[in-house]
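Worksheet for the structure shown next.
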Amino acid sequence: MKLWKGHKEQLDGKAPMDNDCAVVAEELTKKFGKFIAVDHVSFKVKRGEIFGFLGPNGAGKSTTIRMLCGLFSPTEGSAHVGGFDVATQPDEIKSRIGYMSQKFSLYEDLTVEQNINFYGGIYGLEGARLEERKHWVIEMAGLAGKESMLAHTLSGGWRQRLALGCSILHEPPILFLDEPTGGVDPVSRRKFWDLIYDLSHRGVTIFVTTHYMDEAEHCHTIGLIYTGKLIALGSPTELKHSLDRYSVFEVQCSNTVDAMELLRGQAWAAETSIFGSAFHISTLNVSDAEKKIQGILTNEKIAVSRIEKIIPSLEDVFIQRIAEEDARKNGARN
Amino acid sequence: MKLHLVSLNILPIVRKEFRQIKRDKRILSILLFIPALMLLMFGYALNFDVKHTSMAVYDEDRSSVSREFTEQFFISEYFTKVQTLESKAEINNLLDAEKARVVLVIPSSFTKDIQRGRAASVQVIVDGTNSNAAATVLGYINAIIQQYSVKVMTESFVRMGQQNITMPIDFEPRVWYNPELESAKFLVPGLIAFILMVTAVVSTALAIVRERELGTMEQLMVSPIKPIELILGKTIPYTIISLFATVTILFLGSILFDVSIKGSIFLLSLVTFIFFIGSLGMGLLISTMVETQQLAFMIAAIVSMLPTFILSGFVFPIRNMPIIIQGITYLLPARYFLVALRAIILKGAGLSAFWDQALILTIYAVIMIGISSLRMRKILA
Ligand SMILES: Nc1ncnc2c1ncn2[C@@H]1O[C@H](COP(=O)(O)OP(=O)(O)O)[C@@H](O)[C@H]1O
Ligand SMILES: [Mg+2]
């Protein structure tokens with residue numbers, strides 16, 4: 001297939017600064033009145049990488065992405081996208097980014113093809129180029145044969161891929177996806193991530209927000225945002241190694257809730273969290289943790305069927321970080 | 001080479017908007033068929049012309065003269081005789097039961113007075129429930145009586161031997177600008193104002209709020225589309241449709257009700273355009289203030305459709321309204337537009353007759369477009 005044209009243009013050096021980074025945020029802040037939705041967030045997104053912006057609902061993901069796309073102006077701090085300042089050069093940014101908002105923005109009363117024609121049109125595509133891109137998007141999204149179906153008759157996965165297609169018709173070198181897989185079945189999610197990888201291989205920089213942990217594993221770099229603050233940043237491996245001073249165990253027992261309650265009281269237990277039918281416990285500065293856990297639970301007549309030392313998952317990392325952040329905040333308040 | 005200063009990318013939006021309008025049969029029917037329907041409805045069914053009004057006669061005179069006089073009413077198509085009364089007491093019952101809307105009472109001295117050359121008086125009792133109709137009926141009665149008086153006068157002159165007398169005054173019942181008092185002639189300009197208001201304000205507000213509600217607006221805002229392109233692209237389709245509706249009303253008005261445009265088409269288009277721009281501004285303004293289509297529709301209807309229908313003088317004459325309401329009508333652009341339209345279509349007047357109305361409409365349009373584009377810029381930029 002063809003080279004991603006937009007990316008080539010980008011590499012030609014039109015962007016004035018920091019050629020390794022597609023997105024640079026420095027102390028980026030957004031306040032709504034007194035409420036701080038995004039609180040002095042700094043990060044860099046390297047060209048061609050998949051940057052996962054992870055956080056629970058209301059953490060400030062969409063607000064951050066909106067500032068980067070020029071929809072909101074930052075209250076404080078700055079951000080550069082493709083080398084252009086979001087506050088002063090939104091027009092330069094607009095033609096170089098693709099954006100797929102949290103509600104996939106398709107016209108439900110138009111057909112697949114009409115949606116593509118419209119979005120192509122507003123990006124100034126016409127004639128042969130539009131036809132070529134339309135063909136590409138329809139192939140990519142697996143929508144061949146569905147061109148004249150109304151968008152609202154498509155099921156979640158198709159609509160989501162069509163929305164993605166519409167946002168990359170103009171071959172943007174930087175792509176912002178705001179919770180693109182929300183409310184989509186697992187198979188479609190899988191397919192969607194294949195498309196994201198494919199784009200990434202073509203050199204497109206992808207900034208994607210999500211609250212699915214498993215999706216975070218697919219990213220080259222992850223930023224964790226929690227109540228407006230960036231509380232972790234790094235590659236999945238780096239983040240997992242950041243928990244090296246902890247030992248993490250997965251425990252399967254007869255009474256998960258009581259067991260967690262009991263263990264939380266121990267000085268050496270850093271954090272506990274439910275994990276499927278089992279739970280995870282991270283421990284700090286303790287030897288023979290496995291035996292201690294076994295002992296405490298057996299004492300209370302809780303039958304332990306399995307205790308296993310595990311490599312921490314990203315979820316363990318995030319739970320740990322969120323707990324630290326909550327503790328820090330409470331400490332500051334007291 | 002494209003001239004980048006003047007090249008605006010509006011075609012994709014216009015095309016898309018037309019597709020959506022075509023898809024949504026409701027909008028299209030509201031925009032195209034409702035005006036025609038209203039014209040037919042108001043022109044025929046809810047005719048303001050008062051014809052075949054039921055009339056009863058209580059004739060105390062019972063002479064050939066009084067009978068001749070009474071006949072004058074029933075040879076016109078305006079009145080239909082329902083009953084001849086035997087006593088005065090029957091009058092109340094008759095009116096209460098709505099068996100007659102008008103009662104003509106001829107006193108016993110009627111013939112005597114006429115023969116002696118004295119002013120003969122008759123009493124006319126009209127059911128005033130519908131004040132507009134009552135006023136019209138009184139007008140007819142007055143005209144018929146005047147006409148008869150002239151006839152009597154002429155005859156007495158002739159009897160007195162003066163030949164070849166010419167009528168001093170022509171006492172035809174006459175109403176200016178609308179000689180047959182035909183409602184359709186008043187309705188055509190009113191309907192034009194109404195439909196322009198509805199398309200401009202309601203459709204524009206809805207078309208923009210719909211994108212905000214569905215989240216597609218956000219997608220447009222991250223695209224290189226400029227606010228002006230978006231606004232033009234969104235409003236041009238509705239402008240075309242309202243023009244079409246306007247022409248339809250004018251055409252139907254002319255073939256069905258014989259309402260031809262007496263004045264200049266250019267002036268008509270100019271005033272209509274100014275009014276339309278002001279209404280577009282209003283629609284845009286509403287779209288910047290609300291988040292949901294439902295609310296947009298409610299507000300647009302409250303500020304545009306209702307006042308245009310009720311307060312602009314479209315259906316109810318402004319001079320019959322309470323003073324406070326009359327004051328409010330000065331705030332409605334449709335009021336000025338209607339005066340100008342009626343002047344052009346019915347009277348064939350030139351700009352000098354309604355320049356003040358046109359000026360107010362222009363000021364209104366400038367203010368509306370000014371405020372709404374400021375607010376739009378805030379939202380879209
Ligand atoms: N336009 C706005 N006005 C006021 N508050 C807002 C606005 N947009 C978002 N917020 C608030 O900012 C916080 C972060 O929202 P958002 O960025 O949408 O979170 P996320 O996308 O991570 O779920 C939320 O508490 C939300 O209520
Ligand atoms: Mg969000």
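Using the Cα centre of the stretch A:8-234 as the reference point, and only Cβ charges (+1 on K/R, -1 on D/E), how large is the resulting charge dipole? Debye, rounded to the nearest 20. Can you show the working numbers first?
On the way: 24 positive and 29 negative charges, 70 e Å.
With only Lys, Arg, Asp and Glu charged at Cβ, the dipole is about 340 debye.
Using a Gaussian network for chain A with springs between C-alpha atoms less than 10 Å apart, which of these wobbles most: A:His170, A:His211, A:His201?
Of A:His170, A:His211, A:His201, the Gaussian network model singles out A:His201 as fluctuating most.
Exactly which chymotrypsin sites (Phe, Trp or Tyr not before Pro) in the stretch B:274-381 are in a DSSP loop and have at most 15 other Cβ atoms within 10 Å? Could the numbers behind the result be given before it?
Working: sites: B:Phe275, B:Phe276, B:Phe297, B:Phe309, B:Phe314, B:Tyr330, B:Tyr336, B:Phe337, B:Phe354, B:Trp355, B:Tyr364; in loops: B:Phe314, B:Tyr330.
Those satisfying the criteria are B:Tyr330.
Given 0.36 nm per residue, what is the gain on full extension from A:Glu217 to A:Lys291 after removing their alpha carbon distance, in nm?
Using 0.36 nm per residue and subtracting the Cα-Cα distance, I get 23.5 nm.
Just the number please: accessible area per residue for the stretch A:8-234, 1.4 Å probe, all protein chains included, in Å². Please report the intermediate quantities before stating the final value.
Values: 8380 Å² over 227 residues.
So the stretch A:8-234 comes to 37 Å² accessible per residue, rounded to a whole number.
B:Tyr330 to B:Asp24: FRET efficiency via 1/(1 + (r/R0)^6), r the Cβ-Cβ distance, R0 30 Å, to the nearest 0.05? Walk me through the numbers on the way to the answer.
Values: r = 36 Å, r/R0 = 1.20.
Calculated value: 0.25.
Hey, which aspartates and glutamates would be in cross-link range of A:Lys191, C-alpha to C-alpha under 18 Å, not counting anything within fewer than 8 residues on its own chain?
Those aspartates and glutamates meeting the cut-off are A:Glu139, A:Asp178, A:Glu179, A:Asp214, A:Glu215, A:Glu217.
Counting every Cα pair in the protein assembly as shown, what percent are over 42 Å apart?
Looking at the protein assembly as shown, the distances longer than 42 Å represent 53 percent of pairs.
Can you give the relative contact order of chain A as a percent, counting alpha carbon pairs under 8 Å and 6+ residues apart?
19 percent
To the nearest µm²/s, what D does Stokes-Einstein give for chain A at 37 °C and 0.692 mPa s, using the Kirkwood radius over alpha carbon pairs as Rh?
The estimated diffusion coefficient comes to 150 µm²/s.
Quick check: the angle from helix B:227-257's long axis to the longest principal axis of chain B, C-alpha only, nearest 10 degrees?
Roughly 20 degrees, rounded to the nearest 10.
Label points 7 Å out from Cα along the Cβ direction at B:Leu214 and A:Asp258: separation in nm?
5.6 nm
Search the structure for amide H atoms under 5 Å from the amide H of B:Gly348, placed 1.01 Å from N in the peptide plane, and list their residues when 5 or more places away or on another chain.
Answer set, sorted by chain and number: B:Lys262, B:Gly263.
Calculate the FRET efficiency for B:Ser156 and B:Met298 from the Cβ-Cβ distance with a Förster distance of 51 Å, rounded to the nearest 0.05.
The computed FRET efficiency comes out at 0.15.
Normalised radius of gyration for the stretch A:63-163, please: alpha carbon Rg relative to 2.2 N^0.38 Å, two decimal places.
Cα Rg divided by the expected 2.2 N^0.38 Å: 1.24.
Mind giving me the FRET efficiency for A:Glu147 and A:Lys329? R0 is 56 Å, r the Cβ-Cβ distance, nearest 0.05 is fine.
0.60
Need one word for the stretch A:240-333: rounded, prolate or oblate. Basis is the Cα gyration tensor (sqrt eigenvalues a ≥ b ≥ c); a/c below 1.5 gives rounded, then a/b vs b/c decides.
Note, shape of the stretch A:240-333 comes out prolate.
Return the subset of A:Lys31/A:Lys229; A:Lys30/A:Lys61; B:Lys51/B:Lys88; A:Lys229/A:Lys309 for which the Cα-Cα distance in this structure is over 21 Å, preserving the input order.
Violating the 21 Å limit, Cα to Cα: B:Lys51/B:Lys88; A:Lys229/A:Lys309.
Once you've got the GNM for chain B with C-alpha springs shorter than 10 Å, pick whichever of B:Arg15, B:Arg26, B:Arg101 has the biggest mean-square fluctuation.
Comparing B:Arg15, B:Arg26, B:Arg101 in a Gaussian network model of chain B, the most mobile one is B:Arg26.
Using the Kirkwood formula on the Cα atoms of chain B, what hydrodynamic radius do you get, in angstrom to one decimal?
24.5 Å
Give the span of the stretch B:220-314's Cα atoms along each principal axis, as three whole-Å numbers ordered largest to smallest.
52, 31, 19
Counting other Cβ atoms within 10 Å of each Cβ, which trypsin sites (Lys or Arg not before Pro) in the stretch A:295-332 have at most 11 and sit in a DSSP loop?
Numbers: sites: A:Lys301, A:Arg306, A:Lys309, A:Arg321, A:Arg328, A:Lys329; in loops: A:Lys301.
Sites meeting the loop and neighbour criteria: A:Lys301.
Any idea what % of Cα-Cα pairs in the stretch A:223-267 are farther than 12 Å?
It works out to 74 percent of all Cα pairs.
Can you compute the charge dipole magnitude of the stretch B:53-159 about its Cα centre, using +1 on each Lys and Arg Cβ and -1 on each Asp and Glu Cβ, nothing else charged? Give it in debye, rounded to the nearest 20.
So the magnitude is around 360 debye.
Can you work out the Karplus-derived ³J(HN,Hα) for every residue in the stretch B:24-39? Use 6.51 cos²θ - 1.76 cosθ + 1.60 with θ = phi - 60°, whole Hz, and x for glycine or proline.
Result, ordered by residue: 8, 4, 4, 4, 4, 6, 4, 6, 9, 8, 4, x, 5, 4, 4, 4 Hz.
What's the longest uninterrupted piece of chain B once you rule out the GluC sites (Glu not before Pro) that are loop residues per DSSP with at most 16 other Cβ within 10 Å?
Counting only loop sites that pass the neighbour cut-off, the longest clear stretch is B:181-290.
Which Cα, out of B:Leu206, B:Ile360, B:Met38, lies furthest along the positive dipole direction of chain B (beta carbon charges, K/R +1, D/E -1)?
B:Leu206
What percent does the relative contact order of chain B come to when contacts are Cα pairs within less than 8 Å and at least six residues apart?
Across chain B, relative contact order equals 19 percent.
Just how large is the dipole of the protein assembly as shown about the Cα centre, in debye to the nearest 20, putting +1 at every Lys and Arg Cβ and -1 at every Asp and Glu Cβ? The partial results should precede the final answer.
Values: 72 positive and 71 negative charges, 229 e Å.
So the dipole magnitude of the protein assembly as shown works out to roughly 1100 debye.
Can you give me the angle between helix B:131-159 and the longest principal axis of chain B, using Cα atoms only, in degrees from 0 to 90, rounded to the nearest 10?
Approximately 40 degrees, to the nearest ten.
So how tilted is helix B:333-342 from the main axis of chain B? Cα-based, degrees 0 to 90, rounded to 10.
Its long axis makes an angle of about 50 degrees.
The values are calculated or read from the model by the stated rules, or taken from the named source; none is laboratory data. Since we're looking at a predicted model, the values are computed, not measured. Methodologically, a virtual Cβ is constructed for each residue, glycine included, from the backbone with ideal geometry; neighbour enumeration extends over all protein chains shown. These area figures cover heavy atoms from the full protein model, side chains too; ligands, DNA and RNA do not enter into them. Shrake-Rupley method; radii C 1.70, N 1.55, O 1.52, S 1.80 Å.
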